[in-house]
1. Tell me whether the range 157-209 comes out rounded, prolate or oblate; compute the Cα gyration tensor, take square roots of the eigenvalues as a ≥ b ≥ c, and use a/c under 1.5 as the rounded threshold.
2. Mind checking which of Ser55, Ser23, Ser89 has the largest fluctuation in a GNM of the chain, springs on alpha carbons under 10 Å?
3. Can you check what the net charge comes to around Ser226, using other residues whose Cβ is under 13 Å from the Cβ of Ser226 (Lys, Arg +1; Asp, Glu -1)?
4. Quick one: accessible surface of Thr62, probe radius 1.4 Å, all protein chains present, in square angstrom to the nearest 10.
5. Any idea of Phe203's accessible area? Nearest 10 Å², probe 1.4 Å.
6. If Lys and Arg each add +1 and Asp and Glu each add -1, what is the summed charge of the other residues whose beta carbon sits under 12 Å from the beta carbon of Pro199?
7. What does the charge add up to near Met103, with Lys and Arg as +1, Asp and Glu as -1, over the other residues with Cβ less than 10 Å from its Cβ?
8. What span do the alpha-carbon atoms of the range 1-141 cover on each of the three principal axes, reported in whole Å from largest to smallest?
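The values are calculated or read from the model by the stated rules, or taken from the named source; none is laboratory data. Since the model is a prediction, treat every value here as computed from it, not as a measurement. When we count neighbours, we look across all protein chains shown, and the Cβ atoms used for this are built from the backbone with ideal geometry, even at glycine. Note: areas computed on protein heavy atoms with side chains; ligands, DNA, RNA excluded. Shrake-Rupley method; radii C 1.70, N 1.55, O 1.52, S 1.80 Å.
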Amino acid sequence: MKRSPLMSAWLGFRSVLLVVGFSLITAVMGLFAPLLGLVAYPWRVKYIKTWARLSLAWARLTCGIKGQMRGHENIDFSQAAIILPNHQSTWETMYLLAYMPAMSFVIKKELLNIPFFGWGMAQSRPIAIDRSAGSTAVEQINKNGKARLDEGNWVCIFPEGTRVPPNKKLRFKTGGALLAVHSGYPVYPIAHNAGECWPKKGFIKTPGIITLSIGPKIEVAGKQASDVIAEVEAWITQERAALPPVR
């Protein structure tokens, strides 16, 4: 839909407010993040969740971006698991941090070098890898991912490997499925349409209700990684097509 100049200016102004507020929240909370190493891990999780919820609240206030979750009843909270969401924006990372159990994200190690944001991310027990390391990166995910799961943390891996616009599709990588088969922990596929409000490269954010849908638990016993990722990709593809429009 073509926007009028006035509407474009208004959305641009709101997006500026979002960036300014998000930067301030991240800077202030990130400044104190290194001190979190002095407290027990559950308190670190609460601190990180507070950052995520404040950021989401600011996005709702400034840009009218809201979120809703469905499929919450599919989650078995008695057992740690691996979640494999599609990846479209920054929004879903914050939403998952805010509303899912304690989460270790598989991330590029370079992210930990970002001032404030990286300092906070380092406190969440992430699995930081060198994506150019090939098979060594897979070994790191398997080793460190299983350790996190055994500790009770959930693990989040974006199978597309990068943010993908809503109208495009990338083949899913098997890293998360390999971890599931290696560790024996189950998988939850997750589909959402965050990129329709919060695009990958676009500065302008648009109002709407983003839907994040959690699929049924996938047990991995007796399965190959290729079978697991095929099941995840099929469910996400079908569910994305069935999500309600954001507006």
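1. Working: a/c = 3.51, a/b = 2.31, b/c = 1.52.
Prolate is the answer for the range 157-209, as a/c is 1.5 or above and a/b outweighs b/c.
2. Highest fluctuation of the listed residues: Ser23.
3. Values: positive: Arg171, Lys173, Lys223; negative: Asp227, Glu231, Glu233.
Result for the local shell: 0.
4. 10 Å²
5. 100 Å²
6. Details: positive: Arg163, Lys168, Lys200, Lys201, Lys205; negative: Glu196.
For residues surrounding Pro199, the net value is +4.
7. Details: positive: Lys49, Arg125, Arg148; negative: none.
For residues surrounding Met103, the net value is +3.
8. Sorted from largest, the Cα extents of the range 1-141 read 52, 36, 33 Å.
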